[in-house]
Amino acid sequence: MDQPQPLEHGTTADVFFEPGQRKNFLDAMNRRLQWLDKLGVLKVSMRAGDDGLPTYDGMPEEPVDERLGTIIALLDASPRKTTDVVWRKLSDELYRMLTAEIKPTATEVLSKLNLARSKYMKDFELIDAFREKLSNPATALGLVEDSIRSWCPQAMARIIRYDASTLSDPDWWNRNADEVGGYNMSSSSLIRVVISEMDYARAAESNDRLFLYLELAAEVLRMFMSCQANGPLVNALDHQIEGLEAYIRSNAQEERLEQELQ
């Protein structure tokens, strides 16, 4: 089990939000800021921003270096073994950019974020679409003969931060099951059950048994996805992407204005 890691400077609050808790947290933050404003200890009227942290109208965007540190801290604070491997790779890339002699531009950071997000969404959409098809009798039957071993265990492994190849490989799980189990026993067990239920469905002697196995596989996939922490992290990164886009637009407007005044 992973030990809790100390929070680094720049960690945004929304990485810790459960979907149903976000509004309550923001409401509580706003009440506290309103009370501080009433006490006269604030120089400006503040409110909770989209990332859950205090802000005020017209507050300048953070410089790229500061924002880069924020994003790295956010990625590193996310729970290990329940977030996609792409986020670990992104953290490593951004840290190299942060410590490089030539500092990155906002556009370069934004490009890295968007690329990592698209890679995660491919994994998520693969598993989610598979689960939906398994849950529908009209589409589930067509999956029985599909070689899910070629891609499904790899995608599930990547979602729990195990570095699995994206290449089709029907023998991948046979070679790597023990290693994945040693890395994350609970999630590995769910992957193993999904593979087993699909094998049972393929060998089923009646439609009743076949659909039972498919339903069980769909339910285990649902359990697997519900245990992951990728959703809150993606929400937090989306706010960072929006901030970088706003920063880039603001700089472009300033450059155009300077050119017009020259």
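The phi-based Karplus calculation (6.51 cos²θ - 1.76 cosθ + 1.60; θ = phi - 60°) puts the 3J(HN,Hα) values of segment 198-207 at 5, 5, 4, 4, 5, 9, 4, 9, 9, 5 Hz, whole numbers, x for Gly and Pro. Our summary gives segment 122-226 a relative contact order of 29 percent, counting only alpha carbon pairs under 8 angstrom and 6 or more residues apart.
Can you give the percent of C-alpha pairs in segment 122-226 whose distance is more than 16 Å?
Of all Cα-Cα distances in segment 122-226, 53 percent exceed 16 Å.
In order along segment 221-233, the Karplus-derived 3J(HN,Hα) couplings, from 6.51 cos²θ - 1.76 cosθ + 1.60 at θ = phi - 60°, round to 4, 4, 4, 4, 5, 6, 7, 8, 10, 5, x, x, 5 Hz, and Gly and Pro are given as x. Protection proxy ranking for 65-78, 185-198, 29-42, 130-143, using the average of other Cβ atoms within 10 Å per residue and placing the highest first: 65-78, 185-198, 130-143, 29-42. Summing charges over neighbours of R222, with a neighbour being any other residue whose Cβ is under 11 Å away from its Cβ, gives -3 when K and R count +1 and D and E count -1.
Calculated [222 nm] ellipticity per residue, helices only, for the chain: -22000 deg cm²/dmol; basis is -39500 (n - 2.57) per DSSP H run with n ≥ 4, divided by all residues, nearest 500. Matching the structure-derived mean projected area of the Cα convex hull in nm² against the labelled list [x] 19.2; [y] 20.4; [z] 15.0 gives the label [x]. Computed from backbone phi, the HN-Hα couplings of segment 71-83 come to 5, 4, 4, 5, 5, 6, 7, 5, x, 5, 6, 10, 9 Hz, rounded to whole numbers (Karplus: 6.51 cos²θ - 1.76 cosθ + 1.60, θ = phi - 60°; Gly and Pro given as x). Our note on the geometry: Cα centres of segment 195-239 and segment 88-116, 34 Å apart. Taking Cα centre as origin and charging only the Cβ of basic (Lys, Arg, +1) and acidic (Asp, Glu, -1) residues, the dipole magnitude of the chain rounds to 500 debye.
We did not get these values from a lab; they are worked out from the coordinates using the rules stated. In this text the structure is predicted, and so the values were computed from the model without any measurement. Positions of Cβ are generated from backbone atoms using ideal geometry, with glycine treated the same way; all protein chains shown enter the neighbour counts.
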